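The values are calculated or read from the model by the stated rules, or taken from the named source; none is laboratory data. No experiment lies behind these values; they were computed from the predicted model shown. Cβ: placed from backbone, ideal geometry, glycine included. Neighbour counts: every protein chain shown. Protein only, heavy atoms only, side chains kept; ligands, DNA and RNA dropped before computing areas. Shrake-Rupley method; radii C 1.70, N 1.55, O 1.52, S 1.80 Å.
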Amino acid sequence: MASRYDLICNVNGGFEHKIWRIKVRVIRLWKSSYFKDNNNKPMIELVVLDEQGGRIQCTVKSIHVYLFENSINEGNVYMLENLSVALNSGKYKPTMHEFRMFFKRETRVTLVEDSSIPLYGFSFVPFVEILNETKDDRRLVDVLGVVTGKGNLIEFKKEGKPCNYVVIELENIEGGLKLRCTLWEDYAFMFLKHLEDHPSESYVVVLQFAKMKNFKGIQFSQLSDHASLTLEEEFLERGVYKSIADLKEVTQNSVFVTIGTVKDIESEYNRCYRACKKCSLGLKSDGSMFYCKKCVTHYSTFVTRYSIQLRVVDETDSPSFILFDKEASNFLKIPAYELRTSYIAKGGDKNRHPEEIDSFKDKKFLFKVQVKIQDMESIVPYVISISRLCFEDNIIASFEKKYQIEEVALIQDNSELLSQFTESSYLLKDNLSVSCDNGVDTPSPLLPTGKTTSNMDSSVIKVLDVDLAEYCGNASFDTPSKCKGEMHSEQTIVRVAVHGEEQSAKKLRKVIKEEKN
């Protein structure tokens with residue numbers, strides 16, 4: 001007696017079967033268009049699974065979409081009858097079946113109930129097999145791994161359209177092998193939201209139909225702070241540039257590159273904070289433990305680090321940036337916390353900073369920054385933190401040439417006046433947290449300036465029960481004038497108005513004019 005339907009493993013291009021009949025679950029459905037043709041609907045692509053775990057790709061061509069688009073849904077089981085068969089020769093192969101199937105006008109689709117067919121039909125590829133690939137593989141693979149790290153959400157533009165992605169690091173269940181995986185658009189946002197909504201000591205991720213991509217000879221490179229990108233790649237090739245004023249206009253957490261000159265060290269707002277022993281990023285208190293979002297791990301111990309608040313200016317604005325110890329030490333050639341500890345031990349003013357930190361002043365840098373949105377209803381809705389710093393003159397010059405950035409003498413000439421008014425800058429100290437080295441939330445500072453105990457050092461410190469208010473670096477919110485000659489005065493007027501100073505706008509303009517002359 002002939003079978004009531006065919007198994008996917010038996011589908012072939014021979015002529016012994018004139019009419020194919022398969023009972024399958026649709027485990028993946030998407031739409032695609034190979035040509036920019038607004039007159040035709042995108043094709044419908046399916047991956048279907050039968051009761052024995054066989055998978056095959058099916059396609060509904062554009063001319064037939066109207067016949068089937070309302071008849072097929074992902075997750076349902078169908079009896080599909082009278083499909084044509086062709087070689088599986090597409091650019092990317094969701095299945096390793098030699099053939100694929102196409103819907104015809106005569107194809108019949110019948111919804112059936114059958115729990116014997118698995119919901120997903122995973123076919124996991126070992127990490128070692130992926131890592132041993134020496135070139136891009138056209139097949140799409142299923143991967144299972146434990147999350148051991150993640151990067152920031154990256155925003156860029158492609159053909160004028162905004163795009164987003166986040167990179168995560170996965171380790172195989174057996175341990176010892178790691179892959180770097182990129183999650184795009186909705187998948188990136190879903191992943192980050194899950195981490196935020198469901199704090200846990202560990203996360204397991206399943207990727208189905210993931211594309212393998214060979215990157216510089218390595219199939220998936222291991223996540224590290226900056227090892228995967230050189231400074232040229234980070235700032236000249238990959239980074240999305242925004243002026244400092246434009247940074248303040250973003251409405252969601254984003255990462256950009258910018259350029260500016262450090263005009264002041266706002267030492268009264270520098271802070272000690274708890275940092276991860278492994279990656280140096282800020283830790284978040286979680287009961288008696290401390291959680292690192294990047295390592296996706298809870299720790300009972302931490303190291304003390306020191307953050308520096310910089311007033312940074314360009315031709316458009318002058319907000320505060322938060323620089324954390326790890327990046328600061330690259331420039332200072334010594335951890336900032338060690339400088340501070342030595343400075344205090346020698347009787348230095350606890351409300352000031354070591355003189356070595358003044359080496360940042362009046363120096364131009366390229367900054368990779370994360371703009372973290374805190375509260376859109378507040379006066380200062382964001383925190384800008386530095387995740388990478390570049391002070392190499394040749395790269396800075398190339399950056400300025402690429403984005404046609406010119407020096408603005410007004411800011412340099414009036415630096416003393418700028419410093420005078422930034423001393424009265426405001427801070428929001430309640431209900432906000434600092435953003436750390438690579439954009440990971442920092443918990444409440446360990447010890448604010450002026451409250452460091454004598455027995456503290458840079459070694460690993462056991463958990464201390466210190467309850468301090470969370471801290472947010474200051475940042476101006478004013479809008480610069482389009483006229484360069486009046487930009488500085490506009491910023492100053494707004495700042496003075498906010499702080500309730502009694503000097504009039506006319507008087508301030510006079511002061512600025514006198515300073516300029």
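Restricting attention to region 87-97 and to residues that are in contact with a strand residue (DSSP E or B) (Cβ under 7 Å, 6 or more places away or on another chain) and not aliphatic (A, V, I, L, M), the residue that is modelled with the lowest pLDDT turns out to be Tyr92. Selection of region 271-284 for residues being farther than 9 Å from Arg305 by Cβ, open to solvent by 20 Å² or more (accessible area, probe 1.4 Å) and either in contact with a Lys or Arg (Cβ under 8 Å, 6 or more places away or on another chain) or without any contact (Cβ under 8 Å) to a residue 12 or more places away in the chain (or both) yields only Lys284.
Which one is farthest from Tyr382 (Cα to Cα), of the residues in region 232-242 that are open to solvent by 30 Å² or more (accessible area, probe 1.4 Å) and in contact with a helix residue (DSSP H, G or I) (Cβ under 8 Å, 6 or more places away or on another chain)? Looking at residues that are open to solvent by 30 Å² or more (accessible area, probe 1.4 Å) and in contact with a helix residue (DSSP H, G or I) (Cβ under 8 Å, 6 or more places away or on another chain), I get Glu232. Of the strands (runs of 3 or more DSSP E) lying entirely inside region 133-241, those containing at least 3 residues that are closer than 30 Å to Gly260 by Cβ and modelled with pLDDT under 85 are 154-158. Within region 285-315, the residues that satisfy the criterion of being in a loop (DSSP other than H, G, I, E, B) and either in contact with a Lys or Arg (Cβ under 8 Å, 6 or more places away or on another chain) or modelled with pLDDT under 90 (or both) are Gly287, Ser288, Lys293, Lys294, Cys295, Val296, Ser300, Glu315.
For region 160-207, residues that are within 23 Å of Tyr120 (Cβ to Cβ), open to solvent by 50 Å² or more (accessible area, probe 1.4 Å) and touching a residue at least 60 places away in the same chain (Cβ under 8 Å) total 3. Considering region 345-396, and only residues there that are open to solvent by 20 Å² or more (accessible area, probe 1.4 Å) and hydroxyl-bearing (Ser, Thr, Tyr), the residue that is farthest from Val250 (Cα to Cα) turns out to be Ser359.
Pairs linking a residue in region 358-373 that is in contact (Cβ under 8 Å) with a residue 40 or more places away in the chain and within 13 Å of Asn152 (Cβ to Cβ) to a residue that is of a type in the set (D, E, K, R) and buried (at least 21 other Cβ atoms within 10 Å of the Cβ), with Cβ atoms under 8 Å and 6 or more positions apart or on different chains, are Lys368/Arg388; Val371/Lys248. Considering region 250-273, the residues that are within 16 Å of the chain's Cα centre (by Cα) and part of a strand (DSSP E or B) include one that is farthest from Leu231 (Cα to Cα), namely Ser254.
Listed by position, the strands (runs of 3 or more DSSP E) enclosed by region 38-98 that each have at least 2 residues that are open to solvent by less than 20 Å² (accessible area, probe 1.4 Å) are 43-49, 55-60, 77-81.
Residue-level analysis places Glu338 outside the set of residues that are open to solvent by less than 10 Å² (accessible area, probe 1.4 Å) and acidic (Asp, Glu).
Residues of region 99-121 that are touching a Leu at 6+ places or on another chain (Cβ under 7 Å), farther than 18 Å from Trp30 by Cβ, open to solvent by less than 50 Å² (accessible area, probe 1.4 Å) and part of a loop (DSSP other than H, G, I, E, B): Thr107, Ile117. Pairing each residue of region 341-355 that is outside any loop (DSSP other than H, G, I, E, B) with any residue that is of a type in the set (A, V, I, L, M), provided the two are 6+ apart or on different chains, yields C-beta distances under 8 Å for Thr341/Met456. Scanning region 243-270 for residues that are surrounded by fewer than 20 Cβ atoms within 10 Å (Cβ to Cβ), of a type in the set (Ser, Thr, Tyr) and at pLDDT below 90 turns up Thr251, Ser267. Residues that are free of Cβ contacts under 8 Å to residues at least 60 places away in the same chain, out of contact with any helix residue (DSSP H, G or I) (no Cβ under 6 Å at 6 or more places or on another chain) and of a type in the set (D, E, K, R) do occur in region 83-96.
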